[in-house]
Amino acid sequence: MILKFLILCALLLFIEFYAYQAFRTLIKLRWVLVGYQIISLLLLIFIMYSFSQVDRSVGQTRQFMFTTGLMLLVYVPKIVLTLIMFGEDIFRLGAGIVNYFVYNSSGSEAIPSRRKFISQIGLGLAAVPFLSLIYGIFEGKYNFKVIKQTIFFPDLPDAFDGFKITQISDVHSGSFDNPDKINYAIDLINAQEADLILFTGDIVNTHAKEMHPWLETFKRIKNYKYGKFSVLGNHDYGEYVTWPSEKEKDENFKEIKNLYGQIGFDLLLNEHRYIQKGDDKIALIGVENWGENFKKAGDLNKASQNVTQDDFKVVMSHDPTHWEYEIKNHPKKFHLTLSGHTHGMQFGIEIPGYFKWSLAQYIYKQWAGLYENAGRYVYVNRGFGFHAYPGRVGIMPEITVIELKKGNNVA
């Protein structure tokens, strides 16, 4: 623990040193530079102190989210500055070596001085994440997007050609702070013409009581002709806090499972339902959370027991790594899996249909949108709510409408 703390301190000092160089190159007023140093020190002390006060028995609080947002606002721009200024120092060192050995320049004269325009470029680039993070906190986290996706299956039962599914995921109700925005999102859900709605987990951050102020709001989600179904996410098990006793943890878990019923959703716990339309049917399979490096309570074989090879199958599984490790190559052939979990890291760049990037892609092979393997698909919802960082930049909160079509495998 001490070693990790020392490494963190060394890293922060490195970042602070190089960020300061950018300001020092451009600003010559001593009182401004001293003021910058004092403010930087006070912010660092506040951030370190706030994180040191995190109570493992309480879990995520508004203070924690505020501190996380502040830390990102302070240090992401400074990291950008550090990369620019450190890169310039590597150039200066290289130029100094050439000047010393080739042109016989003396020691201090050999190394070029810092260039003002490099610092200006650094500050300009650093302003992009700074302003983006501010936007994400005040606007982005409630900038709900309806994303429509059509998926073709050659073996889709005829009656389900054109069948529409609305998906929501990762509500994280304990993070909400604006009833008007959440009511707007519910209206947006209700405005979609769909046959079925599926909720793929994480109704809370940790505690069942987080959802209590929002129960009436989510009860407003309209009834669907073919039902409202849900599964659990990793946060629904209450495993990210220290509980006074196993009994209290179990009671909280029981209450969280009840929450889904209280808002009108049928919670599937490693089980399935058949959705009947006319003379045709599809199997809806709901597994508990199964994630690589996360809780593995999901039992796909149990959930699909008595479901046949020939049945058309839709799986709800919160974590997309379940699809990667167990579902996509399963001999039963699960046609479509709906997941969430990643939130797209709540930070990235996305130009629909052209470009998509987030740090999430270095952790998850499937992290946002539609993916295919041998005619089997997983759709990863970007999440309805937010967690830890109280905002969203580039990767917006999502309400998905998926239309099933009979035909060749064309995404």
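Checking each residue in the stretch 153-164 for being open to solvent by 20 Å² or more (accessible area, probe 1.4 Å) and either farther than 16 Å from Y377 by Cβ or in a strand (DSSP E or B) (or both) picks out P157, D158, A159, D161, G162, K164.
Apart from one condition, G353 fits all of (1) open to solvent by less than 70 Å² (accessible area, probe 1.4 Å); (2) within 18 Å of I147 (Cβ to Cβ); the exception is (1). Among the residues of the stretch 356-389, the ones that are part of a loop (DSSP other than H, G, I, E, B), open to solvent by 10 Å² or more (accessible area, probe 1.4 Å) and within 26 Å of N190 (Cβ to Cβ) come to 2 in all. Can you report the number of residues in the stretch 23-60 which are on the phi < 0 side of the Ramachandran plot, in contact (Cβ under 8 Å) with a residue 12 or more places away in the chain and not in a helix (DSSP H, G or I)? Of the residues in the stretch 23-60, 4 are on the phi < 0 side of the Ramachandran plot, in contact (Cβ under 8 Å) with a residue 12 or more places away in the chain and not in a helix (DSSP H, G or I). Among residues of the stretch 227-246 that are touching a residue at least 60 places away in the same chain (Cβ under 8 Å), those with a Cβ under 6 angstrom from a residue that is among the basic types (K, R) and surrounded by fewer than 19 Cβ atoms within 10 Å (Cβ to Cβ), sequence gap 6+ or separate chain, pair up as N234/K295; Y237/K295; V241/R56; T242/R56; W243/K249.
Restricting attention to the stretch 307-343, the residues that are part of a loop (DSSP other than H, G, I, E, B), open to solvent by less than 40 Å² (accessible area, probe 1.4 Å) and of a type in the set (V, I, T) total 2.
For the stretch 227-267, the set of residues classified as farther than 15 Å from L198 by Cβ and hydroxyl-bearing (S, T, Y) consists of Y237, Y240, T242, S245, listed by residue number. Checked against the criterion of being under 24 Å from the mean Cα position of the chain (by Cα) and modelled with pLDDT under 95, the candidates F229, F265, F294 yield just one match: F294.
Per the conditions (1) open to solvent by 10 Å² or more (accessible area, probe 1.4 Å); (2) closer than 30 Å to L404 by Cα; (3) modelled with pLDDT of 95 or more, the sole criterion not satisfied by F199 is (1).
Close Cβ contacts (under 9 Å, 6 or more residues apart or on different chains) running from residues in the stretch 128-152 that are surrounded by fewer than 20 Cβ atoms within 10 Å (Cβ to Cβ) and at pLDDT 95 or above to residues that are of a type in the set (S, T, Y) and not in a helix (DSSP H, G or I) comprise V146/T400; I147/T400; K148/T400; Q149/Y379; Q149/T400. For the stretch 225-264, the set of residues classified as open to solvent by 10 Å² or more (accessible area, probe 1.4 Å) and under 18 Å from L338 (Cα atoms) consists of Y226, G227, K228, F229, H235, listed by residue number. Kindly list, by first and then second residue, each pair from a residue in the stretch 258-279 that is on the phi > 0 side of the Ramachandran plot to a residue that is part of a loop (DSSP other than H, G, I, E, B), limited to pairs with Cβ atoms under 7 Å and residues at least 6 apart or on different chains. Pairs that qualify, where the first residue is on the phi > 0 side of the Ramachandran plot and the partner is part of a loop (DSSP other than H, G, I, E, B), are G264/I221; N270/V287; N270/E288; N270/G298; N270/D299.
Is it the case, given these coordinates, that S105 is in a helix (DSSP H, G or I) and of a type in the set (S, T, N, Q)? Judged against the criteria, S105 is not a match.
Among the residues in the stretch 14-22, are any without any contact (Cβ under 8 Å) to a residue 24 or more places away in the chain, charged (D, E, K, R) and more than 30 Å from V204 (Cβ to Cβ)? Checking the stretch 14-22: not a single residue is without any contact (Cβ under 8 Å) to a residue 24 or more places away in the chain, charged (D, E, K, R) and more than 30 Å from V204 (Cβ to Cβ).
Count of the stretch 2-25 residues, restricted to those that are open to solvent by 50 Å² or more (accessible area, probe 1.4 Å) and more than 28 Å from the chain's Cα centre (by Cα), is 9.
The values are calculated or read from the model by the stated rules, or taken from the named source; none is laboratory data. As the structure is a prediction and not an experimental result, all values here were calculated from the model. Neighbour counts run over all protein chains shown; Cβ positions are idealised from the backbone, glycine included. For the accessible areas, the whole protein counts, side chains as well, though only heavy atoms, and no ligand, DNA or RNA atoms are used. Shrake-Rupley method; radii C 1.70, N 1.55, O 1.52, S 1.80 Å.
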